[in-house]
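Each reported figure results from applying straightforward, stated rules to the coordinates on display, with no laboratory input. Being a predicted model, the structure only gives us computed values, none of them experimental. Backbone-built Cβ (ideal geometry, glycine too); neighbour counts: all protein chains shown.
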Protein chains: 2
Amino acid sequence: MNTWFNDHKSTLDNAIEACQKRHHWAAYPEVPSEKIYGEGSKQAGEDAFNALQNKPFALSVPMSEAAFVAADAKSPYGIELGITYPQLPVDKLLEGAEAAQKQWRRLDTDTRAGVCLEMLDRLAKQSFLMAHAVMHTTGQPFVMSFQAGGPHALDRGLEAVAYAYQAQTANETSAEWAKVVGKNRDGEKIVATLDKHYKTRGKGIGVVIGCATFPTWNSYPGMFADLATGNAVISKPAEGATLPLAIAIDIMRQVLADAGLNPDLVQLANTGGERAYTQALVKDARVKMIDYTGGPGFGTWLQNNCPDTQLYLEQAGINNIFIESTDNVKGMANNIGFSLSLYSGQMCTAPQNIYVPKDGIDTPDGKLSFDEVAAAIAKSVEKLLGDDNRAFAILGAMTSDAVKARVGEANAFGEQAGKVVLASCESDYAAFPNASTAKPILISLDSPDHDFAQAEQFGPVAFVIACEDRDDALTAVCDSIEKHGAMTTSLYCTDADFKQTAIEEIADAGSPLSINLTGGIYVNQSAAFTDFHGSALNPAANTSLTDLGFVAQRFGWVTVREERH
Amino acid sequence: MNTWFNDHKSTLDNAIEACQKRHHWAAYPEVPSEKIYGEGSKQAGEDAFNALQNKPFALSVPMSEAAFVAADAKSPYGIELGITYPQLPVDKLLEGAEAAQKQWRRLDTDTRAGVCLEMLDRLAKQSFLMAHAVMHTTGQPFVMSFQAGGPHALDRGLEAVAYAYQAQTANETSAEWAKVVGKNRDGEKIVATLDKHYKTRGKGIGVVIGCATFPTWNSYPGMFADLATGNAVISKPAEGATLPLAIAIDIMRQVLADAGLNPDLVQLANTGGERAYTQALVKDARVKMIDYTGGPGFGTWLQNNCPDTQLYLEQAGINNIFIESTDNVKGMANNIGFSLSLYSGQMCTAPQNIYVPKDGIDTPDGKLSFDEVAAAIAKSVEKLLGDDNRAFAILGAMTSDAVKARVGEANAFGEQAGKVVLASCESDYAAFPNASTAKPILISLDSPDHDFAQAEQFGPVAFVIACEDRDDALTAVCDSIEKHGAMTTSLYCTDADFKQTAIEEIADAGSPLSINLTGGIYVNQSAAFTDFHGSALNPAANTSLTDLGFVAQRFGWVTVREERH
């Protein structure tokens, strides 16, 4: 443990610098190549994944006295997982966390950072195993599973460690304080001197409630923010997405054990699918922070039932694209088509509603009509996913039956209320004949006044919506952000003045904004150290991954001052 | 407005440096001297105060359409104030705040900081007027009213501006982001380049609910934190303590008007004593942050009724002194006696329970018995307040009839359950014959198991409590912090090993700690830039004045990224 901070210090320094300068930087390589990850690493990852199936998930450092209870059942790609995971009673989990935390919170900031950095480093080495685990719990395509489940998630975790480190080193931990408090009879100044020390203490146990689509990417920030600021963490995976977090927790507990620390600092909450278990856990007074990614139903429950607990929530939203004009119709259509297709639209950053003035948009070749815009996007999706191998690599599988059902509902709505510009259909994957798939459905609507489209339709469902004119479209987009929330907004505009107006209005509404994306960068992508994921300014998320606000309330400062004699 | 940031930049720089180094520093002079504040400033302040009485408080920049409604009635020093203050309907207040905020949140961080610094500077110039206003609404003695109501409060406001500035300048506001996204057919790298801009936006309207005893000291941090991070602020004074905040708001609105900004950015909520008014205000969805200092009853109401609002709460607590041993009995007794007497114990930092091992404490002259410790403290209070002029300067007056009644209740309890070591009595102030006064009552108890002493008895009420031994005393102190909360803890201890144990245990329990105070610094005092007031780690306060956690969630970052063509 003693050398870890120094071993990884350059990584931490680079991360802090990148958070500040916000240039492109990554600590963990995103290319799933054996040149980087070592010869045989690819096969080793697959073998390790296969070896986990159809048996209890035995942590290397067991959670003592845990029973084994099933969690993930079937992969979205159609294979049975059949894994059971350790389960402890809620009180036992909390007792373990408190005991481990007592020791952990007294360590200094550097030591805790060193342990976190070692955890990230060891997790990075298992990125191929993690890729399979993420793929077969979430339905993500393989390369995305590798990147978003491994290095990109780890970058987000590192980002949280970097911010936590900054917040805890924002002031000196000791000071000499001297003040003239009067004069003696000879007129000499009387100086009172205090020696002051400033100690951080974590606020208490953190619970991180994961989501079904990005179990590690959305959990690591909260987990590492909690740990780095001196708290124990209990990870509660979403139903069906336990394996990636069980693997991560296993590795983190090994690191703690190697350091001679109590491994119960990081524990898995396997609820066995019982919401009452989760509710008892989060309502306990020992839990001081909850990070939650998921639907607003349970988010609202948390707000109403945990009034004394700091909540970091990422919930539902509707992401909009506003097409005002473009100088590159083809690039725009391809970029949007990819954004709609990637992981079957099952990203909190995926666009849903595409606002277009009803009289069409300006292009270098003159006006493109509303219908032509819709057709161009539909065509790009069709072409992109026409080949099943490419569809396999981009579309992936649907994470739940609810998403699948939604495509059918959208089709029924589209046929009745608008026009189905692009029908959804399945895709065939040679390797996984039982995968649950659906290509995006695209529906055009004559106005923003359709309730179905003005609700989040999570999955491969999108709408092209006609507005009176560009001012109306801007108003509709901003109203939608304020009312429904948004994790992303996308704008296509070649009019510099209007663009500036839109930037300020959308910033006021509080959404991150991407402008004129026509190449290989997509609105769905949110990268650590450069993109604030969520603005904390609209209903989709009350926090950002990651800024100082995400970490600074997870610990407190204790001032200890002593009179010098 | 354009020069203010540069005019005051050195003040900001010094404040940021002091927050980081935590040495003694103050921006606004604490000595109520005309040498500093200008010839005639003392009389001018008194005249200005007298001129305000018995009439409507006319803001220089009126809150348009406001009616005038009474608020503060009678000074704790017995004089009638007879002032009415502008009152607007809740919805009107919020509309005004929203309109003003639209403009304000788009300004850059420097410009907003400049306006805040100019406000603080102009407020500082009115410190004599403010002293009278604070004295006659809270009952503080005059010099304390000057210091805690003026310069010390302004230092706390400046501290919030400094932290807000740091949080908003933690990263660059623009970046060039370039990433290799592939290779072309000739093997050349394809680089995607995005221009990124990062904009802050305030979260929304902040409401700051003041307390009856320190209207400015406890309100300025929230008010300036809200303003500096781009939000409008509505100040809701405690009943009877409106005048100091009305004066402050008047000056702040003048600064805004001089800058050509909408003065409704800062407004007064005069509730006319109606709690329903306050409840309607804080429950409105436009209100995003609430700073509250006051009793836990309304604090809990806020937690249960404003689940979606960020709350910064300072509530009740019990502050303990733990006497294990000392090398300076007289210095200790005098220091404690002063702490109990200052402003009649009506400070959130004032000690209440003094834990002493039942077999007494070690001193250079051998054991001092439990009863002797209690007697020494009682004697120091008696001597300190024996002279009415000195009592006037230290004790001040009681802020409410509730505090006065509490002294009687404590006396009844003491006679029945313990021993009244020092009886309370009134003090006579020549200048204010009708002042409501009470010197501290000191009661000794044979164990910590008395409910009356294990509840906050806000005012001049203190207990000396016998414990089995020092370990029991430490346990009692830590349990009390965790259960009841504490803003301060004080320890007297000459045993280096035990002291170190106590420091870590008390830090775990989460209270600020002062050790071996025997001179002119008191446990009640909490100074900006060096002492974190509140640790955010125990029930007395969920936040600290001021750290990054106090400011960083009051605004969000909007990422705007545009593809470079």
- Item | Reach of B:Lys42 by Cα under 18 Å, taken over lysines that are not fewer than 8 positions away in the same chain | B:Lys125
- Task: Calculate for the protein assembly as shown the 222 nm mean residue ellipticity that helices alone would give, adding -39,500 (n - 2.57) per DSSP H run of length 4 or more and normalising by residue count, nearest 500 deg cm²/dmol.
- Result: -12500 deg cm²/dmol
- Task: Just the number, please: Stokes-Einstein D of chain A in µm²/s, Kirkwood Rh from C-alpha pairs, 20 °C, 1.002 mPa s.
- Result: 86 µm²/s
- For B:18-30, what's the mean count of beta carbons from other chains sitting within 10 Å of each residue's beta carbon? 4
- Okay, which of the stretch B:263-289 sit inside 12 Å, backbone N to the point 7 Å along the Cα-Cβ direction of B:Asn305? B:274-284
- Run through the other copies and list how far each one's label point is from that of A:Ile190, in nm with one decimal, shortest first; the point sits 7 Å from Cα along Cα-Cβ. 7.8
- If amide H atoms are built 1.01 Å from N in the plane of the peptide, which residues on other chains or at least 5 residues away come under 5 Å of the amide H of A:Ile465? A:Ile354, A:Tyr355, A:Val356, A:Leu445
- Message: Please give me the summed charge of the neighbours of B:Val143: other residues whose Cβ is under 13 Å from its Cβ, Lys and Arg +1, Asp and Glu -1.
- Response: +1
- One would report the antiparallel percent of DSSP beta bridges in the protein assembly as shown, rounded to the nearest 5, as 45 percent
- The lysines whose Cα lies under 19 Å from the Cα of A:Lys419, excluding any fewer than 8 residues away in the same chain, are A:Lys358, A:Lys379, A:Lys439
- What is the average number of partner chain Cβ atoms found within 10 Å of a Cβ in A:500-507? 3
- Task: Could you check what % of the DSSP bridge pairs in the stretch A:320-515 are antiparallel, to the nearest 5?
- Result: 20 percent
- Item | Inter-chain Cβ neighbour average for residues A:301-312, partner chain, 10 Å | 3
- Binned at 5 Å starting from 0, the alpha-carbon pair-distance distribution of the stretch B:320-515 in whole percents comes out as 1, 8, 17, 21, 21, 16, 9, 5, 2, 0, 0
- If one computes the Cα centroid of the stretch A:512-534 and of the stretch B:68-123, what distance in Å separates the two points? 40 Å
- Item | Virtual spin-label span in nm between A:Asn54 and B:His23, 7 Å along Cα→Cβ | 7.1 nm
- Query: When all C-alpha to C-alpha distances in the stretch A:1-129 are sorted into bins of 5 Å, what percent of pairs does each bin hold, rounded to whole numbers?
  - Reply: 2, 8, 11, 13, 15, 17, 15, 13, 5, 0
- Full-stretch length increase - B:Asp387, B:Arg122 - with 0.36 nm per residue and alpha-carbon distance subtracted: 91.7 nm
- Query: Can you list the lysines whose alpha carbon sits under 21 Å from that of B:Lys189, skipping same-chain ones fewer than 8 residues off?
  - Reply: A:Lys35, B:Lys179
- Message: Over all directions, the average projected area of the alpha-carbon convex hull for the stretch B:55-102 comes to how many nm²?
- Response: 4.2 nm²
- Note down the relative contact order for chain B as a percent, whole number, built from C-alpha pairs under 8 angstrom at least six residues apart. 18 percent
- Query: Which percent, nearest 5, of DSSP beta bridges in chain A are antiparallel?
  - Reply: 45 percent
- Volume per residue, Å³, of the convex hull around the alpha-carbon atoms of the protein assembly as shown? 170 Å³
- Would you mind checking the pairs B:Lys55/B:Lys92; A:Lys483/B:Lys203; A:Lys330/A:Lys383; A:Lys499/B:Lys203; B:Lys102/B:Lys199; A:Lys102/A:Lys236 and listing those with alpha carbons more than 20 angstrom apart? B:Lys55/B:Lys92; A:Lys499/B:Lys203; A:Lys102/A:Lys236
- Task: Report, for B:Asn6, each distance to the same residue's label point in the other copies, shortest first and in nm; define the point 7 Å along Cα→Cβ.
- Result: 4.8
- Euclidean distance of C-alpha centroids, the stretch A:311-353 and the stretch B:195-227, integer Å: 35 Å
- Item | Percent RCO, i.e. relative contact order, over the stretch A:320-515, from Cα pairs under 8 Å lying at least 6 residues apart | 29 percent
- Peptides ranked, highest mean first, by Cβ atoms within 10 Å: ranges B:83-91, B:428-436, A:487-495, B:448-456: A:487-495, B:83-91, B:448-456, B:428-436
